[in-house]
Each structure stands twice: as structure tokens, then as C-alpha cells.
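Engineer: Could you have a look at this structure, given as C-alpha cells, before my questions?
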Ligand code: GDP
Ligand code: IMO
Ligand code: MG
């Protein structure tokens with residue numbers, strides 16, 4: 001292992017957290033580079049379950065360095081709540097460094113996130129997580145954002161907060177009819193966040209560069225996924241960050257040529273939370289079975305996830321956009337018991353067959369999946385630890401994906417636990 005990036009292939013919740021936790025055993029550092037507390041990454045160790053929103057999924061190992069890079073938007077309350085929860089559960093954490101340059105999610109971002117969703121009509125609503133992600137990245141791009149370093153400089157914080165509230169309160173009260181945010185209360189609160197955050201802040205690009213120079217193993221942990229990427233996803237039904245492998249560089253400050261391999265985490269079927277096109281969504285019994293068997297309810301919001309069959313048009317797209325060296329195929333165990341397993345190999349858009357992903361969302365919205373049907377299996381596969389132990393039809397499913405995409409499946413998840421894994425090359 002050297003410098004690896006792990007990204008989501010579909011619409012999130014593929015099991016990135018569990019894969020990162022598994023791979024972190026051989027890493028020296030685990031790095032979040034984008035997104036914020038909209039992520040919900042589940043890690044299961046023995047009979048204990050943890051859901052991380054901001055903390056990198058390597059945090060449970062005590063001998064690693066966990067980094068929250070400049071590309072992440074940090075909600076201090078959420079970060080402290082996660083740290084406190086671990087402490088309350090008697091868990092020691094890895095060392096944590098937060099980038100000075102990471103932007104801070106302020107309460108008005110969360111407020112505006114909700115107000116904006118309420119403002120949109122049906123059909124326009126994105127179904128955000130309400131974590132203030134879009135408004136915070138908007139401020140970053142508009143060059144009005146408050147960064148982590150600002151929280152420890154009272155004068156700069158005062159100036160920036162005054163400017164922000166001058167504008168935000170106009171929008172909150174006059175456009176949305178909401179209640180203005182009080183400067184004094186928020187300023188005091190933000191200074192207190194700064195006090196607590198101060199020992200964690202650092203030049204994370206330099207820490208990473210040093211780790212890399214010393215030949216350490218670095219693991220980038222993507223949040224959200226390829227189809228939620230601000231550029232490459234199903235715009236506008238996306239999140240507001242660069243979720244794909246390229247984001248690992250801009251969101252951390254490590255150069256592109258330092259990343260040696262990129263792995264895409266892909267669920268053995270497909271899910272999506274929130275609005276937007278989803279060609280293989282199954283509204284019938286199969287979708288419901290996947291939801292119940294797979295426990296497909298959001299780790300951040302608890303919302304039922306939309307479910308459907310695996311989509312190789314998407315897998316191929318993710319392989320190209322991220323330059324994937326391999327897939328980690330998770331939740332293969334959830335497909336146990338299906339007589340036949342459908343897998344989408346192309347889209348029919350008004351009679352035209354697409355084997356590549358249409359970047360036009362208008363076309364994508366009309367896409368009807370073209371399916372192949374593969375044989376299912378009934379055997380419990382959760383105790384399998386080698387590929388050969390899998391039933392032949394499960395092996396055939398894995399090989400089919402590899403053949404169609406040309407990308408090897410290097411890890412297979414057969415359960416939620418750290419060790420419920422078949423390793424095939426990483
Ligand atoms: P993430 O956001 O990509 O980290 O994924 P989530 O944690 O939101 O959702 C994945 C869910 O599937 C979690 O409940 C995991 O514990 C669970 N999970 C991950 N891999 C497997 C697997 O191989 N089999 C089963 N049965 N569950 C898994
Ligand atoms: P992880 O890292 C699944 C979705 C939301 C919504 C859209 C925009 O756990 O895979 P946002 O709050 O980001 O502005 O919402 O993106 N979304 C996710 N869906 N998993 C996630 O994270 C998600 N983070 C955001 O449901 O459709
Ligand atoms: Mg999740």
C-alpha cells in the first residue's frame with residue numbers, strides 16, 4: 001500500500017466507511033478531503049457500531065493520523081459531538097489534524113439550507129441532508145466563507161461574521177421570511193469553537209507531504225459518490241463538492257501524481273437518498289426486499305433509501321471519471337435469496353441504446369434500463385473469506401461485473417463487520 005483513494009461509485013452509502021476502516025489497518029493516515037457532516041459512514045467492529053459524519057473512518061485505530069483536509073466543510077458542533085461520543089463510549093482516538101483552510105459550516109448555513117429547500121417547488125427540491133453543505137460551499141466560492149483559522153482570530157472573525165450576517169440576515173428575513181441570526185450570540189459561540197479547535201488545527205498539506213516523503217501509507221476517504229459530484233453527477237441533484245478522485249488533490253493539497261491507486265466502492269445493487277434520476281430504481285417487491293434486507297435507511301437522516309439493481313453503465317462511468325484501479329463490491333450478502341439477479345448493461349433513451357453514461361440529465365431522466373438476468377444463490381455467504389468459498393453463481397456475478405467493466409473487484413463485502421471481507425488484491 002502507498003497512497004490510495006477510496007471513492008463512492010453510485011449515489012453514496014456504498015460502504016465507503018467500512019472499506020476505509022478495513023483498509024486503514026495497513027495505513028498510517030486517513031484523510032477526508034471533501035463534503036461535511038452530510039456523510040454518514042458506518043463502521044462495525046465486533047458488536048459495536050459507529051457512524052462517522054466528519055471524523056475519518058480510521059479514527060478508531062489509535063496509532064494513525066486522521067486528517068480533515070481543506071476541502072471539507074466542518075461543522076464544529078458536529079465534530080465535537082462525534083469526539084465526545086467516542087469518549088463517552090470509552091474509545092481512544094487516532095491523532096486528528098484539521099486544516100486551517102477548511103471552511104466552517106455556520107448555523108446560518110444550516111438555516112439557509114432548510115429555507116432554500118422549502119422555497120423550491122416539488123420537482124425542484126434536492127432532498128438535501130439539511131447539514132448546510134450547499135450554502136457553506138457557496139460562501140467558499142463567493143469568497144465570503146469563514147475558515148477554521150478565522151475562529152482563532154477574534155478580530156478577523158468579527159469582521160467576517162459581521163459581513164456575513166449583514167448579507168445573510170437580509171436574505172433570511174426579506175427573501176425567505178425567516179428569523180435573523182444574532183451576531184453577539186454567534187460570535188461568542190464561534191470563539192468558543194475556536195478555543196476547542198485550536199489544538200487540532202494545522203497545515204494539513206504539509207503533514208501529508210511529510211508522510212508521503214517518508215513513504216507512509218495514506219488513504220483518502222471520499223464522501224458521497226461519483227453521481228453526486230458537483231461536475232460529474234446528476235446535476236442539479238448532487239452535492240456541492242468534488243466527490244470524485246480529483247477532489248482528493250484539491251481537497252488535501254497532495255499532488256495528483258502522488259496518488260498511486262484509486263478504488264471505487266460499489267454496492268452489489270444500487271441505492272439513492274434524495275431526489276434525482278435513478279434509472280434502475282425498482283418500485284416493486286425487489287426494491288422493497290433490497291431495502292429491508294440491506295437495511296437501507298439513511299445513516300445521517302434516517303430516510304428510507306431508494307433501491308434498485310446494479311447498474312454497469314454507472315460502474316463504467318465511475319471507472320472513467322475516477323480512473324479506477326479496482327472495485328470494492330459491498331453487500332454481496334444482501335443479494336442472497338434472489339432467484340434471479342438483474343444487472344443493467346445499457347440504457348434505452350427514446351429507442352437509442354447507450355452503453356456509456358449520458359452526461360445530459362435530460363437524456364438520463366428518460367433512460368430505461370436494459371437488463372441481463374443472472375442466476376441467484378441461496379447459500380449464506382456471510383462466513384466466506386475467500387472467493388472460492390462463494391457459491392458458483394455468486395462468483396459468476398462478480399466475474400460478470402469484472403468482464404463488462406474491465407475493472408477487477410479487489411475486495412468483496414459479505415457483511416457489515418470489519419472482517420466480513422474477501423480480499424482479492426488489496
Ligand atoms: P458509506 O456512506 O458509503 O460509508 O455507507 P453507509 O455507512 O452510509 O451505508 C452502508 C451500510 O451498509 C452500513 O449500514 C454498513 O454497516 C453496511 N455494510 C457495509 N458493507 C456491507 C456488506 O458487505 N454487507 C452488509 N450486509 N452490510 C454492509
Ligand atoms: P455518504 O458519504 C447518500 C445526498 C442528499 C441529497 C444530495 C445533496 O454517507 O455516502 P447535501 O446535503 O449534500 O446538499 O445533499 O446529496 N447526499 C448523500 N446521499 N450518502 C451521502 O453521503 C450523502 N451526502 C449527501 O441526500 O440528495
Ligand atoms: Mg453513508
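Engineer: Among the candidates 425, 417, 326, single out the residue that is surrounded by fewer than 16 Cβ atoms within 10 Å (Cβ to Cβ), away from ligand 3 (no atom under 16 Å from the Cβ) and either closer than 30 Å to residue 51 by Cα or without any contact (Cβ under 8 Å) to a residue 60 or more places away in the chain (or both).
Structural biologist: Exactly one of 425, 417, 326 is surrounded by fewer than 16 Cβ atoms within 10 Å (Cβ to Cβ), away from ligand 3 (no atom under 16 Å from the Cβ) and either closer than 30 Å to residue 51 by Cα or without any contact (Cβ under 8 Å) to a residue 60 or more places away in the chain (or both), namely 425.
Engineer: Something else about it: Restricting the search to region 329-346, which residues are closer than 19 Å to residue 244 by Cα and within 16 Å of ligand 3 (Cβ to nearest atom)?
Structural biologist: The one that is closer than 19 Å to residue 244 by Cα and within 16 Å of ligand 3 (Cβ to nearest atom): 330.
Engineer: Sort through 382, 365 and tell me the only one that's more than 16 Å from ligand 3 (Cβ to nearest atom) and assigned to a helix (DSSP H, G or I).
Structural biologist: Among 382, 365, only 365 is more than 16 Å from ligand 3 (Cβ to nearest atom) and assigned to a helix (DSSP H, G or I).
Engineer: Counting residues that are touching a residue at least 24 places away in the same chain (Cβ under 8 Å) and more than 16 Å from ligand 3 (Cβ to nearest atom), which strands (runs of 3 or more DSSP E) fully inside region 235-322 reach at least 2?
Structural biologist: Once the strands (runs of 3 or more DSSP E) in region 235-322 are filtered for at least 2 residues that are touching a residue at least 24 places away in the same chain (Cβ under 8 Å) and more than 16 Å from ligand 3 (Cβ to nearest atom), what remains is 261-267.
Engineer: Among (1) modelled with pLDDT under 95; (2) closer than 30 Å to residue 21 by Cα, which single condition is residue 362 missing?
Structural biologist: Exception for residue 362: condition (2).
Engineer: What are the residues in region 52-70 that are out of contact with any helix residue (DSSP H, G or I) (no Cβ under 8 Å at 6 or more places or on another chain) and either at pLDDT below 95 or within 12 Å of ligand 2 (Cβ to nearest atom) (or both), if any?
Structural biologist: Scanning region 52-70 gives 62, 63.
Engineer: Being within 16 Å of ligand 3 (Cβ to nearest atom), touching a helix residue (DSSP H, G or I) at 6+ places or on another chain (Cβ under 7 Å) and part of a helix (DSSP H, G or I) is the filter; apply it to region 180-229 and report the residue that is farthest from residue 258 (Cα to Cα).
Structural biologist: So, considering only residues that are within 16 Å of ligand 3 (Cβ to nearest atom), touching a helix residue (DSSP H, G or I) at 6+ places or on another chain (Cβ under 7 Å) and part of a helix (DSSP H, G or I), the one farthest from residue 258 (Cα to Cα) is 227.
Engineer: Among (1) without any contact (Cβ under 8 Å) to a residue 24 or more places away in the chain; (2) more than 16 Å from ligand 3 (Cβ to nearest atom); (3) surrounded by fewer than 16 Cβ atoms within 10 Å (Cβ to Cβ), there is one condition residue 355 misses while meeting the rest; what is its number?
Structural biologist: Of the numbered conditions (1) without any contact (Cβ under 8 Å) to a residue 24 or more places away in the chain; (2) more than 16 Å from ligand 3 (Cβ to nearest atom); (3) surrounded by fewer than 16 Cβ atoms within 10 Å (Cβ to Cβ), the odd one out for residue 355 is (1).
Engineer: Which residue pairs have Cβ atoms closer than 7 Å, lie 6 or more positions apart in sequence or on different chains, and pair a first residue in region 34-51 that is in contact (Cβ under 8 Å) with a residue 40 or more places away in the chain and more than 19 Å from residue 91 (Cβ to Cβ) with a second residue that is within 7 Å of ligand 1 (Cβ to nearest atom) and in a strand (DSSP E or B)?
Structural biologist: From residues that are in contact (Cβ under 8 Å) with a residue 40 or more places away in the chain and more than 19 Å from residue 91 (Cβ to Cβ), there are no pairs.
Engineer: What number of residues within region 31-59 satisfy the criterion of being within 13 Å of ligand 1 (Cβ to nearest atom), assigned to a strand (DSSP E or B) and closer than 22 Å to residue 73 by Cβ?
Structural biologist: Looking only at that region, the number is 8.
Engineer: Can you report the number of residues in region 122-138 which are near ligand 2 (Cβ under 9 Å from one of its atoms) and on the phi > 0 side of the Ramachandran plot?
Structural biologist: 3
Engineer: Looking at 62, 10 in this structure, which one is assigned to a loop (DSSP other than H, G, I, E, B) and touching a strand residue (DSSP E or B) at 6+ places or on another chain (Cβ under 6 Å)?
Structural biologist: It is 10.
The values are calculated or read from the model by the stated rules, or taken from the named source; none is laboratory data. Quick caveat, the model's predicted, so the values are computed rather than measured. In this analysis, Cβ positions are derived from the backbone assuming ideal geometry, glycine residues included, and neighbour counts consider all displayed protein chains.
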